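Down below is the structure, laid out as structure tokens.
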Amino acid sequence: SIHEVCEGELIQTEQTEKLAMTEAIYYDIIYKKTASLLGACAAVGAISVGAPADRVAALRQFGDHLGIAFQIKDDILDYSPMEVTDMRERKITLPLLRLLDQSAPERRRKLVAKLSDVRNSPKNVDYLCKAVLDSDGIAYARQCMTEYRNRALAFLEGYPESDVLRSLHLFADFVLSRDK
């Protein structure tokens, strides 16, 4: 898991410098930087109580999928007032990626130019945030986040009703509803 996190950070740094991001690369980065760690934690929890291999694998998948949802939520929260840290670092997260993918070539070039100059022109951050908020980028990210949460919960099917199962469901709901 630590190897994955480090590799994800290196890929993100490389992509930030290039300003070349795709959804596939974005998901690879967030899997490696966030989901792999949550997945490992979920698997270790199952191992620690002597769960059979299929249950360990299911909980690993639960954690992986919920970790992706968690990171998408984190990226959505970056568009809250005063919370544009990733954009100031020129990171292209899912809401901005959606805007770029949906933009005509000329508008995309303008948006990428503004992103490439955010360190020198902080007003570009405001411009890009407004552009994302005026697009369907946030709604698209919410939809993807919800889908990943739902996929995570599907890996819990077949477990008997228990306090632990209820806690995992509550945790999955928290991932989507958190505001920090």
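The values are calculated or read from the model by the stated rules, or taken from the named source; none is laboratory data. Computed from a prediction, not measured in an experiment: that's the story for all the values here. Backbone-built Cβ (ideal geometry, glycine too); neighbour counts: all protein chains shown. Keep in mind that these areas ignore ligands, DNA and RNA; they rest on the heavy atoms of the full protein, side chains included. Shrake-Rupley method; radii C 1.70, N 1.55, O 1.52, S 1.80 Å.
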Problem set entry | Whole-Å semi-axes of the chain's equivalent ellipsoid (Cα gyration tensor) | 34, 17, 13
Exercise. Using unit Cβ charges (K, R positive; D, E negative) and no other charged atoms, how large, in debye to the nearest 20, is the dipole of region 31-180 about its Cα centre?
Worked result: 620 debye
For this session: Would you mind getting the Kirkwood hydrodynamic radius of region 96-148 from its Cα pairs, rounded to one decimal in Å?
Result: 11.6 Å
For this session: Using only Cα atoms, find the angle between the long axis of helix 36-48 and the longest principal axis of the chain, and express it within 0 to 90 degrees, rounded to the nearest 10.
Result: 10 degrees
Seminar exercise, completed: Quick shape check on region 10-49: root eigenvalues a ≥ b ≥ c of the Cα gyration tensor, a/c under 1.5 is rounded, otherwise prolate if a/b tops b/c, else oblate, and it reads prolate
Exercise. Residues with beta-carbon under 9 Å from that of Arg98, excluding Arg98: net charge, scoring Lys, Arg +1 and Asp, Glu -1?
Worked result: -3
Exercise. What angle, in degrees between 0 and 90 and rounded to the nearest 10, separates the Cα long axis of helix 123-134 from the longest principal axis of the Cα atoms of the chain?
Worked result: 60 degrees
Seminar exercise, completed: Site Asp173, offset 7 angstrom along Cα→Cβ, radius 18 Å on amide nitrogen, limited to region 132-147, gives 146-147
Exercise. Which of the aspartates and glutamates could a cross-linker bridge to Lys123, judged by Cα under 19 Å and excluding same-chain residues fewer than eight apart?
Worked result: Asp78, Glu83, Asp86, Glu89, Asp134
Exercise. Hey, what's region 21-143 come to in accessible area per residue, 1.4 Å probe, Å²?
Worked result: 48 Å²
